[in-house]
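Okay, so here's the structure we're looking at.
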Amino acid sequence: MKVQTPVKLSPEEVAFVRGLVMYEDAEILALNKPAGLSSQGGRGQVHTLDELLWAFAKPGKARPRLIHRLDRDTSGVILTAKTKPAAGFLGKALMARRFAKTYLAIVTPGAPEPKGGRIEQALRRDETGREAYMRPCPPDHPDAELAVSRYRTLKHTDGAALLELDPETGRMHQLRVHLAHIGRPIAGDARYGGALVVGGQPVPRLMLHATALKFPHPGGGEKRLEAPPPADFAGLVAALGLV
């Protein structure tokens, strides 16, 4: 079995990651990840969230294990397991689609038509140099992966809309590609055609926030965690009149 090598963290890094904790008990640890922090494997970044989790490791013990990921520029709820049995339980629950994830996104231009619905569009991975993209493709494509997302318009103007999103599957960049596919790319998503200025307002980053996560708890029952949108997201929502 591969032995984990602890990552040495500065006092500032320890304080930073501890400040992200939104829920903790004996088996799980949930954090409110800020945009700009890679979950794992980030390039050109001193430490990823996975490495920062060493701040919670007991002497001689492993760090908490990430159960799922968020894109680097997506903010919001991310779940870890503090014990090996909890990690196994949650990993199986995730594979069985027993997790319910809810996101908020700002899209342009205006609300999609219809204003709520289900997007079932297969995706395939496309690697260009060191970059990986997901592309819509026919369901019978040899590399096709089933991808299903639900959306609901919460508020809208002529130029932008605030959507609530529920992915039924968990493909890479799924929500971003699905929304671009229906002509409503997420604001700030330069990779998939998102606007960088909306209503005269500069878009600071990808406007996608993981606002809630519901899942079976390893100790029994269900747990729902919610993370309010951060200041940059909430500020753009207000500036665009989407409150």
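Here, each number is a calculation from the coordinates, and none is a lab measurement. These figures come from a predicted structure and were not determined experimentally. Positions of Cβ are backbone-derived with ideal geometry, glycine not excepted, and every protein chain shown enters the neighbour counts.
Computed quantities for the displayed model
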{"item": "Among 139, 59, 218: highest mean-square fluctuation, GNM of the chain, C-alpha pairs under 10 Å", "result": "59"}
{"item": "Three-way shape label, segment 104-202, alpha-carbon gyration tensor, a/c 1.5", "result": "oblate"}
{"item": "Stokes-Einstein translational diffusion, the chain - Kirkwood Rh over all Cα pairs, 0.890 mPa s, 25 °C, in µm²/s", "result": "129 µm²/s"}
{"item": "The chain: calculated mean residue ellipticity at 222 nm from DSSP helix runs of at least 4, using -39500 (n - 2.57)", "result": "-4500 deg cm²/dmol"}
{"item": "Subset of 8/101; 8/214; 82/115; 8/84; 101/155 violating a 30 Å alpha-carbon distance limit", "result": "8/101; 8/214; 82/115"}
{"item": "At most 12 other Cβ within 10 Å, DSSP loop - trypsin sites (Lys or Arg not before Pro), segment 71-109", "result": "97"}
